[in-house]
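For reference, the structure discussed in these notes is given below.
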Amino acid sequence: MLSTKLVILGRDGVLNVFREDHVKAPEEWQPVPGALEAVARLNHAGWHVVVATNQSGIGRGMIDMASVNAVHAHMQQRLIALGGRLDAVFFCPHTPEDRCDCRKPLPGMMLDIGRRYGVDLKSVPFVSDTLRDLQAAQAAGCEPHLVTTGRAAALDDDALRQMLALVPHARVHADLAAFAEFVLERAHVVDSETGGLV
């Protein structure tokens, strides 16, 4: 049986431009250049793409559920226009003080995604722009990938090396488009070596 091809993405700084004041309305949601096209490209190659995002603005009273849903509906509409889609958006609404198990860097959201899709998380790439998310990926057993968009764009070489020392198996990509290129090229190599049996 073929396994489900699944990718988990962080949202802010990976798919859309990171805002310190949170994305509170659809008009504040601006895609990272090339990110939506990268999701569509993964979809066309048979990959399911889901988002796992901390949204503490909900717990802090900065944004309500209707606004979060409106932002995510807008995100999906922008993707659909390019021939892509997200299978689901998983989010943690809690603040750090809530001490939940779903807020990254804890692995709760990823473990939930793994159960929902019936996949072994060892085969699931998780793409992020922060150490916290890389640590969540590592704790869940996912394959950690860093994109140097969003918050990671501010890191100098030393800071990047220090981050990667904490998550030694992480791979670094310029952006989501570069990650998609890497994953699709790797899958093509595996297909070639196994005659399509993956």
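Only residues that are outside any helix (DSSP H, G or I), surrounded by 18 or more Cβ atoms within 10 Å (Cβ to Cβ) and either modelled with pLDDT under 95 or of a type in the set (Gly, Ala, Ser) (or both) were counted in the stretch 167-189, giving 1.
Which members of the stretch 80-110 meet the condition of being in a helix (DSSP H, G or I) and surrounded by 18 or more Cβ atoms within 10 Å (Cβ to Cβ)?
So the first thing to find is which residues in the stretch 80-110 are in a helix (DSSP H, G or I), and the list is 80, 96-98, 108-110.
Once the filter is applied, which keeps residues that are in a helix (DSSP H, G or I) and surrounded by 18 or more Cβ atoms within 10 Å (Cβ to Cβ), the stretch 80-110 yields GLY108, MET109, MET110.
Conditions tested, residue by residue: (1) touching a residue at least 12 places away in the same chain (Cβ under 8 Å); (2) within 14 Å of the chain's Cα centre (by Cα).
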residue	(1), (2)
GLU97	no, no
TYR117	yes, no
THR130	yes, yes
VAL147	yes, yes
ASP158	no, no
LEU176	yes, yes
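The set of residues in the stretch 1-49 that are assigned to a strand (DSSP E or B) and of a type in the set (D, E, K, R) contains only ASP12. Every condition in (1) assigned to a helix (DSSP H, G or I); (2) in contact (Cβ under 8 Å) with a residue 60 or more places away in the chain holds for SER67 except the one numbered (2).
The values are calculated or read from the model by the stated rules, or taken from the named source; none is laboratory data. As the structure is a prediction and not an experimental result, all values here were calculated from the model. Using ideal geometry, Cβ is built from the backbone for each residue, glycine included, and neighbour counts are taken over all protein chains shown.
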